[in-house]
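Participant: Can you read through this structure? Questions will come right after.
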Amino acid sequence: MPWFVTGPLLGLLVVGLFVVANQPLGASGAYVQTLKAARDEHDVVVWRVWYFGGIFLGGLVATVLGPGFDVRTGYDAMFAAGWSKPVVAIVVFLATVLMGYGARMAGGCTSGHGICGTAQRSPASWAATATFVVTAIVVTFILTSVTSLGDLTMQNGVLTK
Amino acid sequence: MNLIGGLFGAAFGFVLAASQLHEYDTIHKTLRFEELDVFLLMGLAIGVSLPLLWILDRKQIRTVYGGRIQLSRSKVERHHIVGGALFGVGWALAGTCPAPALAMLSSGALYGAIAVVGLFIGLHTHDLHMAGGLRQEGDGEHREVATAEP
């Protein structure tokens with residue numbers, strides 16, 4: 001679905017969750033509550049755990065209705081750049097550990113701060129969002145300049161050498 | 001409320017997968033400025049939700065299960081910036097983030113599992129570091145609002 005359809009849809013979902021539950025459509029909070037539930041803690045916000053599961057299932061439905069379930073790594077671009085399986089696995093792992101840490105510290109992620117927080121006109125969210133977007137662009141630039149990821153180009157809609 | 005959570009999560013996951021936001025390539029090529037669709041998508045999402053939330057907030061509408069609508073706005077603090085920077089580094093490297101990682105996994109991209117596990121570990125590690133002074137989640141995330149059970 002094109003961006004001019006999914007963008008507004010996402011915006012309406014954000015508004016919708018406020019109208020129904022007075023809550024933001026963030027994602028890192030769902031992870032936090034799911035982890036708490038897994039560790040059997042007392043004060044779990046249970047509906048966020050259902051929400052966590054919902055994201056997984058909703059994605060599955062869209063995949064099945066669309067391109068179809070396809071078992072792959074999801075990181076073909078990195079393999080095309082010549083990185084080995086262990087390297088890719090380690091990069092993804094360390095990168096997501098860093099993301100989780102940063103999201104918790106910042107109090108939100110791309111959906112939480114990036115969309116919900118900015119839509120609520122929160123200065124903290126504007127700052128967090130601007131920071132992670134600029135940082136990500138700079139890091140990507142470094143990655144493409146310094147590593148073989150820079151050798152990749154778009155061919156038939158896929159990043160490849 | 002659980003069902004509502006599940007439904008909104010499903011709708012969110014559906015839109016993410018339908019817009020290819022769960023793919024590494026989508027994020028990577030956007031950050032390389034080879035395609036601007038994701039920026040446009042996010043811009044439109046904000047463009048739609050910001051004015052609507054502003055109006056609903058002004059009218060102080062009653063939400064269905066959460067009492068009067070309550071938007072959250074916080075002053076910028078150091079942890080927003082530092083956390084944002086760390087997040088940005090990880091985002092550029094992994095080409096995914098919390099919600100898309102789940103959709104990535106459910107689309108068959110198995111390394112999404114590494115991403116999900118990594119995210120859990122990262123989130124938890126921060127909590128461990130903050131033990132004793134647990135930071136409240138920010139504006140974009142869950143906060144304590146009285147929610148009536150349906």
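The values are calculated or read from the model by the stated rules, or taken from the named source; none is laboratory data. Note that the structure is a prediction, hence the values are computed from the model and not measured. Using ideal geometry, Cβ is built from the backbone for each residue, glycine included, and neighbour counts are taken over all protein chains shown.
Participant: Can you tell which of B:63, B:96, B:26, B:30 is among the β-branched types (Val, Ile, Thr), at the interface with another protein chain (Cβ under 7 Å from one of its Cβ atoms) and buried (at least 17 other Cβ atoms within 10 Å of the Cβ)?
Facilitator: B:63
Participant: Now for a separate question. Of all residues in region A:19-77, which are acidic (Asp, Glu), more than 7 Å from chain B (Cβ to nearest Cβ) and under 27 Å from residue B:28 (Cβ atoms)?
Facilitator: Correct list: A:76 only.
Participant: (1) in a helix (DSSP H, G or I); (2) out of contact with any Leu (no Cβ under 7 Å at 6 or more places or on another chain): which one isn't true of residue A:68, the others all being true?
Facilitator: Against the list (1) in a helix (DSSP H, G or I); (2) out of contact with any Leu (no Cβ under 7 Å at 6 or more places or on another chain), residue A:68 comes up short only on (1).
Participant: Determine whether residue B:57 is over 21 Å from residue A:50 (Cα atoms), acidic (Asp, Glu) and within 7 Å of another protein chain (Cβ to nearest Cβ).
Facilitator: Details: over 21 Å from residue A:50 (Cα atoms): yes; acidic (Asp, Glu): yes; within 7 Å of another protein chain (Cβ to nearest Cβ): no.
For residue B:57, the condition - over 21 Å from residue A:50 (Cα atoms), acidic (Asp, Glu) and within 7 Å of another protein chain (Cβ to nearest Cβ) - is not met.
Participant: Residue check, residue B:48 against (1) farther than 17 Å from residue A:121 by Cβ; (2) at the interface with another protein chain (Cβ under 7 Å from one of its Cβ atoms); (3) modelled with pLDDT of 95 or more, all met but one. Which one?
Facilitator: (1)
Participant: Those residues that are free of Cβ contacts under 8 Å to residues at least 24 places away in the same chain and assigned to a loop (DSSP other than H, G, I, E, B), I need them from region A:71-100; list them, please.
Facilitator: A:71, A:73, A:74, A:75, A:84, listed by residue number.
Participant: If you check B:117, B:82, B:89, which single one turns out to be more than 7 Å from chain A (Cβ to nearest Cβ), surrounded by fewer than 24 Cβ atoms within 10 Å (Cβ to Cβ), of a type in the set (A, V, I, L, M, F, W, C) and assigned to a helix (DSSP H, G or I)? Break it down into steps so the answer makes sense when it comes.
Facilitator: Numbers: B:82 fails: more than 7 Å from chain A (Cβ to nearest Cβ); B:89 fails: more than 7 Å from chain A (Cβ to nearest Cβ).
Testing whether each residue is more than 7 Å from chain A (Cβ to nearest Cβ), surrounded by fewer than 24 Cβ atoms within 10 Å (Cβ to Cβ), of a type in the set (A, V, I, L, M, F, W, C) and assigned to a helix (DSSP H, G or I) leaves just B:117.
Participant: Taking the condition in contact with a Cys (Cβ under 9 Å, 6 or more places away or on another chain), modelled with pLDDT under 95 and among the aliphatic types (A, V, I, L, M), does residue A:27 pass?
Facilitator: Judged against the criteria, residue A:27 is a match.
Participant: Moving on. Could you please find all residues in region A:1-15 being closer than 20 Å to residue A:114 by Cα and within 7 Å of chain B (Cβ to nearest Cβ)?
Facilitator: Passing the criteria: A:3, A:4, A:6, A:7, A:8, A:9, A:10, A:11, A:12, A:13, A:14, A:15.
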